[in-house]
1. Express in nm, to one decimal, how much length is gained between Ile113 and Ser2 on full extension, taking 0.36 nm for each residue of separation and deducting their alpha carbon distance.
2. To one decimal place, what Kirkwood hydrodynamic radius in Å is obtained for the stretch 15-120 from all pairs of distinct Cα atoms?
3. Among the listed pairs Lys10/Lys55; Lys51/Lys89; Lys89/Lys119; Lys55/Lys79; Lys79/Lys182; Lys10/Lys119, give every one whose C-alpha distance is greater than 19 Å.
Amino acid sequence: MSRHMNTGRKLSRNTSHRRALLDNLVRSVILSESIRTTTAKAKEARRVVEKIITKAREGSLAARRNVHRTVRDQAALAKLFETIAPRFKTRPGGYTRIVHIANRPGDNAPMAILELVEKSAPEEKKAEPEKKTEKKAKATESEKKPAKVKAAKGGGDQGSAETAEKKPSKQKKQKKEEAEEK
């Protein structure tokens, strides 16, 4: 028998599993704008992503409901309609690119990166320096605390009463609250 009118790859999965896989890949592409997966999965996910972005460009309630059938995540749906669709408003298709990378070490499967062609604005990168300052604050706190000394015989902290500091639960709660405030 011939494969006339049978497009797409089966990806060694049954229909429901394949549909769930592609839905999850599409969600990941929308949220992170770049994913690393096998080449076959990337090519299949690209077909779905392109159709969804084209539909989201309409911006109507009907389009939103149609896209919601595939993208079942409210955060991804919001990002798609509020940031991604307007970004590609003037582009006539070709919203994604596939970049082939080295094969996977375990089974030598061909790998690829599926990413959106136009990257998001650098506003997201501004959040990273805040995280670094939190790490620095934690590092200064750890410098203030005396280092615990491991027991010579115990082979670790597990079960050795000599190294573990026993604190009442109220003191522990206060420490957590202070850490959360900072």
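Bear in mind these aren't lab numbers, they're just calculated from the coordinates by the rules spelled out. Given the structure is predicted, the values throughout are model-derived calculations rather than measurements.
1. Between Ile113 and Ser2, full extension yields an extra 36.8 nm.
2. 14.0
3. Numbers: Lys10/Lys55 24 Å; Lys51/Lys89 14 Å; Lys89/Lys119 14 Å; Lys55/Lys79 14 Å; Lys79/Lys182 30 Å; Lys10/Lys119 30 Å.
Over 19 Å apart, Cα to Cα: Lys10/Lys55; Lys79/Lys182; Lys10/Lys119.
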